[in-house]
Amino acid sequence: MGLGGCEAFGIVLSLVGTALLLTAQLLAPWKTVGDTWIGIWRDCNVGRLDQCGGLTDWLKRIDVTAARGCFIAADVLFLISLILMLFAICADKKGGLITAKGGLEITAGIIILAGCGAFTALNLVDLGAISDIGLFGLELRRDFGYAFYLGWASGGVVFISGICLVVGGNQRSKKEKASNSLPVVMIPQYGPPKDVNVNTVSRNQVAPVTFG
């Protein structure tokens, strides 16, 4: 049984969501503060990517901590969903596994969106069009980086892919149940005829015939 429309579309969106999810986490510019890019895993000096380093004080940054925790949970769920997909490729009945994968991706998408929402809410005070006064009276421009928007996009794509996979998996399960419930036509088997013994007698005698 080939892939249905919803299943194929869900798998394509799942691959796109995986790429966006990894890119959003690996890139640094979730927010910019002056000449520094701050991500959920590292920070960099703007224009000098060779000076990137891991976040050592991320526990003090509530916004980064919240986003990182949500993305770790989403990564685990997404990994489990990929394992289910591998099992589905080898299984005869794929509907249940595809539906389970879709459910995990819906949950992962919600968690990603929740992490991005928490990051947004915790930074609304000092990001956007607001500037701060730094050392020597210089203004430190604060704004969201493009990796932040990639995080939102990854959550939305993963969520939609999960919905498509759940719908496609349910359709496949119904087809699998229907194929198993088809009536079976029994063809009667006829054995060979029983032996017939005929005794040969003379012309004037009646030949006794024995059947069975």
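The values are calculated or read from the model by the stated rules, or taken from the named source; none is laboratory data. Bear in mind the structure is a predicted one, so any value in this text is a computation, not a measurement. For neighbour counting, all protein chains shown are included, and Cβ atoms are generated from backbone atoms with ideal geometry for every residue, glycine included.
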- Do any residues in region 94-110 that are under 12 Å from Cys164 (Cβ atoms) and among the acidic types (Asp, Glu) have Cβ atoms under 6 Å from those of residues that are modelled with pLDDT under 90 and surrounded by fewer than 21 Cβ atoms within 10 Å (Cβ to Cβ), where the two are at least six apart or on different chains, and which pairs are they? none
- Item | Filter pass, Gly103 being in contact with a helix residue (DSSP H, G or I) (Cβ under 7 Å, 6 or more places away or on another chain) and modelled with pLDDT of 90 or more | yes
- Residue that is surrounded by the most Cβ atoms within 10 Å (Cβ to Cβ) [pool: residues in region 13-43 that are out of contact with any Phe, Trp or Tyr (no Cβ under 7 Å at 6 or more places or on another chain) and without any contact (Cβ under 8 Å) to a residue 40 or more places away in the chain]: Trp41
- If you go through region 79-104, how many residues are surrounded by fewer than 19 Cβ atoms within 10 Å (Cβ to Cβ) and among the small types (Gly, Ala, Ser)? 3
- Message: The conditions are (1) farther than 26 Å from Cys6 by Cβ; (2) at pLDDT 85 or above, and Val158 fails exactly one of them. Which is it?
- Response: (1)
